[in-house]
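Have a look at the structure below before the remarks.
The values are calculated or read from the model by the stated rules, or taken from the named source; none is laboratory data. Nothing here was measured: the structure is a model prediction, and the numbers come from that model. With ideal geometry, Cβ positions are generated from the backbone for all residues, glycine too; neighbour counts draw on all protein chains shown.
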Amino acid sequence: MTTRLSLFNSPLLLGFDQFERTLDRIAKNSAEGYPPYNIEQIGDDGLRITLAVAGFTSEDLSVQIEDNQLVIRGRQTDDKSRLYLHRGIAARQFQRSFVLADGIEVIGCSLDNGLLNIDLTRPMPEPKVRTIKIEQPRAAGSPGPQTIDVAADRQGS
């Protein structure tokens with residue numbers, strides 16, 4: 001049995017289980033090499049993912065969001081009417097996944113000259129400050145929580 005060292009085992013990091021699962025998904029997806037892609041920043045809150053999908057049509061591609069994960073799939077149907085003397089262009093199916101942070105939204109997708117562009121927006125989070133009221137302990141002799149004897153109450157009715 002092997003134990004895995006986790007970055008999130010610290011008692012100071014509470015509720016980070018989801019991040020650990022996300023890192024596991026990222027590690028699994030990082031081994032993929034096809035199709036190649038770029039990620040660029042467009043403006044202050046915009047991102048664009050560009051995948052090189054030469055030979056794929058829009059009907060061959062699907063773009064979906066599954067549990068905060070952007071999943072792009074490509075599947076080409078083989079054209080049986082063609083006789084290839086040499087086939088050097090890959091016509092394989094693929095799946096490429098990107099884990100999205102909370103709040104990131106896909107705003108558009110286009111296919112242009114063999115490049116699939118997926119535009120995302122990353123809204124800037126508003127800073128949140130919340131004050132927690134500090135309760136004072138009860139003074140000695142002040143009435144504390146009261147208990148009600150339910151059995152005695154039933155006998156009286």
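Does Asp79 qualify as being under 17 Å from the mean Cα position of the chain (by Cα), part of a loop (DSSP other than H, G, I, E, B) and modelled with pLDDT under 90? Against the criterion (under 17 Å from the mean Cα position of the chain (by Cα), part of a loop (DSSP other than H, G, I, E, B) and modelled with pLDDT under 90), Asp79 does not qualify. Taking the criterion of being outside any loop (DSSP other than H, G, I, E, B), among the charged types (D, E, K, R), out of contact with any Phe, Trp or Tyr (no Cβ under 9 Å at 6 or more places or on another chain) and surrounded by 12 or more Cβ atoms within 10 Å (Cβ to Cβ), the only residue of the stretch 85-127 that qualifies is Asp119.
Which residue is nearest to the chain's Cα centre (by Cα), if the candidates are limited to the stretch 54-76 and must be closer than 25 Å to Arg122 by Cα and in a loop (DSSP other than H, G, I, E, B)? Among residues in the stretch 54-76 that are closer than 25 Å to Arg122 by Cα and in a loop (DSSP other than H, G, I, E, B), the one nearest to the chain's Cα centre (by Cα) is Asn68. Filter the stretch 91-125 for residues that are small (Gly, Ala, Ser) and in contact (Cβ under 8 Å) with a residue 40 or more places away in the chain and give the result. The answer is Ser97, Gly114.
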